[in-house]
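Worksheet: one structure, shown below.
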Amino acid sequence: MSHALPAPLISSPGAERSTATAHSRWEGDGRQWRLVLSGAWTAEAELPKPPAELPVDESTQVGFDTSALSQWRPAFAASLWQALAPLARGGVQLDLSGLPTGLQPLLTLSLPQPEVPRTKAAAVEEPAPEPEWRKTLVFVGELLGALGRLARGRSAMRLSDWLWQIEQTGPRSLPIVLLVSTLVGLIVAYMGAEQLQRFGAQSFIANLVTIGVVREIAALVVGIVLAGRVGAAFAAQIGSMRAGEEIDALTTLGVDPVEHLVLPRMLALLVTGPLLTLCAGAAGLGVGLGVAVGLYDVPAMAYLATTREALAGWDLFVGLLKGSVYAVLVALAGCRQGLNAGRSAQAVGEATTAAVVQAIVWMVVAASLLTVIFQRLGV
């Protein structure tokens, strides 16, 4: 039959060993109080509650007198904590130097901190949010610095990361790009041919489809598809890493998150963007050929000859350039929102939505500016 060992007795230095009953009392007035403890606290005894006259605020000071305290058990520390915790939470200044040396560090670590009013805490802990335009400028500056290091051969970007991103953003996006481009090209060819037929100008269907699809529509379709599929994925992936503190771990290890996460994604879209635009343009031209030959009796050879003449100008170059610009904007929006996302699941979802919206807005603005510039240059 086993017996539990009794809790150890701890003697206070400088006090005479005594079996006197434990005593405690509160002394003081106004803002100065002290708790007097004496005797041997070897049995379970409760400390008296602070008197009602003791104000619980920051201007009150409480000390301790344990000169007559002879012995105490560890359970005494729990009783003392229960008596002092409400005072510490209310902001009362507790001077623990009068307690036994074995109790001082224990109570210092365990007693709660004073409650700070919510308005004051908000003013201290919640600084004003940084403007979005400033975050964008900082992100672009860091990306330009990473590109400069890459040009000098000092970048930490891995070739395998770049190739993997090309595979994720290019071949996996091609089916949806071809589908959307074919349907949009069908609409453009059919509606344009319907209007040209009224004037007996069916022979100009090739010009309309070639210039419209290759110069504007193919790049815009690729940009929108990439924004919904790739830009959202970039924001979700990097935002999840931000929420999981993986980006903080990379920074601690001395790895630049922009070089490791952003640069491979942007360079991958810089490669796949114009290639997808070329495929989208080919799909639009193919469906335009089918509409012109099958529905409006345009000779196939005449359609192909007109298409070749239209592509001899700057239209193909302008379309590929716009596709590259839109792809870079998608990468910038997705990575920027992911790096600046919050540390919760809701914040990651908001960053994903913001990445798609921001990419589309940036593309519309870029399309307007590029159209005006090319028209002024006569390209």
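Between Ser181, Ser160, Ser38, the GNM of the chain built on Cα springs shorter than 10 angstrom shows Ser38 fluctuating the most.
Result for the chain in a Gaussian network model with C-alpha springs under 10 Å: among Gly30, Gly153, Gly313, the largest mean-square fluctuation is at Gly30.
The Gln32 and Leu137 beta-carbon pair, evaluated with R₀ = 51 Å, returns a calculated FRET efficiency of approximately 0.35. Along each principal axis, taking the top coordinate minus the bottom one, the Cα set of segment 274-335 gives 49, 23, 14 Å in descending order. Note on segment 191-244: Rg/Rh from C-alpha atoms, Kirkwood Rh, equals 1.41. Counted by Cβ distance under 14 Å from Tyr326, the other residues give a net charge of +2, where Lys and Arg count +1 and Asp and Glu count -1.
For the peptides 182-193, 135-146, residues were scored by their other Cβ atoms within 10 Å and the scores averaged per peptide; the highest-first order is 182-193, 135-146.
Each Cα pair under 8 Å and six or more residues apart adds its separation to the average, and for segment 235-379 the resulting relative contact order is 41 percent. On a 0 to 90° scale, report how tilted helix 132-151 is relative to the longest principal axis of the chain, with both axes built from alpha carbons and the result rounded to the nearest 10. The angle comes out at about 70 degrees. Shown for the chain: the carbon plus sulfur share of the solvent-accessible area, taken with all protein chains present and a 1.4 angstrom probe, equals 63%. Here the relative contact order of the chain, from alpha carbon pairs under 8 Å that lie six or more residues apart, stands at 16 percent. Comparing Ala305, Ala75, Ala236 in a Gaussian network model of the chain (Cα springs below 10 Å), the most mobile by mean-square fluctuation is Ala75. Each residue, Met301 and Glu46, gets one label point 7 Å from its Cα in the Cβ direction; the gap between the two is 10.9 nm. Per residue, the chain exposes an accessible area of 55 Å² to a 1.4 Å probe, with every protein chain left in place. Summing charges over neighbours of Gly145, with a neighbour being any other residue whose Cβ is under 13 Å away from its Cβ, gives 0 when K and R count +1 and D and E count -1. Only beta bridges with both residues in segment 29-99 are counted; by DSSP, about 10 percent of them are antiparallel. Compute the long axis of helix 345-377 from its Cα atoms, compare it with the longest principal axis of the Cα atoms of the chain, and write down the angle in degrees, 0 to 90, nearest 10. For helix 345-377, the angle is close to 30 degrees.
Take 254-267, 54-67 and order them by the average number of nearby Cβ atoms within 10 Å per residue, most first; the result is 254-267, 54-67.
The values are calculated or read from the model by the stated rules, or taken from the named source; none is laboratory data. Only a predicted model underlies this, so the values are computations on that prediction, with no experimental measurement involved. Please note: Cβ atoms are built from the backbone with ideal geometry, for glycine as well, and neighbour counts cover all protein chains shown. With ligands, DNA and RNA removed, areas are computed over all heavy atoms of the protein, side chains included. Shrake-Rupley method; radii C 1.70, N 1.55, O 1.52, S 1.80 Å.
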